[in-house]
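Have a look at the structure below, then the notes.
All of the numbers you see were taken from the coordinates with simple rules; none came from a lab. Source: prediction; values computed, not measured. So basically every Cβ, Gly included, is an ideal-geometry build from the backbone, and we count neighbours across all protein chains shown.
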Amino acid sequence: MLASIRLLPQFKPVVAIVIITGVCFGAESGFLVGAVSGFVSNFFFGQGPWTPWQMFCFGIIGFVAGILFKMGILKKTKLSLCVFGGISTFFIYGGIINIGSLLMFTSHFSLKALIATYISGFWFDMVHAIATVFFLYVISQSMIEKLERIKIKYGLIDT
């Protein structure tokens, strides 16, 4: 199974789960789940100097999802979640992680090197964004329903 996962790098449900958590439990929980998910998922996909960068990126996406939901901008609909998921994965995750990649493989930061890093990471970022949209489309509604029931059952509802 792990071999099949490596055939399509970046096709993972992590960002989708983080967004759903931010929407259901708030910005702080979204950040926490994102940061911890980045750390834990790398036990399977490989730890390295990129791990703190991934933790930060996942956390920020969860935090922003929670804030935008609370403001009423992000809705619990498939369309809203998928649009936010695709855009945030490509621009927030990809935008930050590519800077981290540049800083990891060179000691000289330049605009040319940054542009080259963004160009070389384009397809990885695109696959990651598509995966996020796919997983949000497939699992968001059932996960949100279950998490809402858990909130009621354990009294986690904001008053």
Give me, ordered by chain and number, the residues 5 or more places off Leu74 or on other chains with an amide H under 5 Å from its own placed amide H. Phe69
Residue-averaged [θ]222 nm for the chain, counting only DSSP H segments that reach four residues, each worth -39500 (n - 2.57): -26000 deg cm²/dmol
Lysine pairs in the chain 8 or more apart or on different chains: how many have alpha carbons under 29 angstrom apart? 19
Which residues does the label zone of Ile99 cover in the stretch 115-142, counting backbone N under 18 Å from a point 7 Å along Cα→Cβ? 115-122, 125
Determine the gain in length on full extension of the stretch Glu148-Lys78; use 0.36 nm per residue of separation and subtract their C-alpha separation, reporting nm with one decimal. 23.6 nm
Label point distance in nm, Ser110-Gln47, each placed 7 Å from Cα along Cα→Cβ: 3.5
Give a residue-ordered list of calculated ³J(HN,Hα) values for the stretch 20-27 (Karplus: 6.51 cos²θ - 1.76 cosθ + 1.60, θ = phi - 60°; whole Hz; x for Gly, Pro). 4, 5, x, 5, 7, 10, x, 4
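Report, in cubic angstrom per residue, the convex hull volume of the C-alpha atoms of the stretch 10-123.
Considering the Cα atoms of the stretch 10-123, their hull volume per residue is 102 Å³.
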Ranked list, fewest to most other Cβ atoms within 10 Å of each Cβ, for Cys82, Cys57: Cys82, Cys57
So what J values fall out for the stretch 76-86 if you push phi through Karplus, 6.51 cos²θ - 1.76 cosθ + 1.60 with θ = phi - 60°, rounded to Hz, Gly and Pro as x? 8, 8, 4, 4, 4, 5, 5, 5, 4, x, x
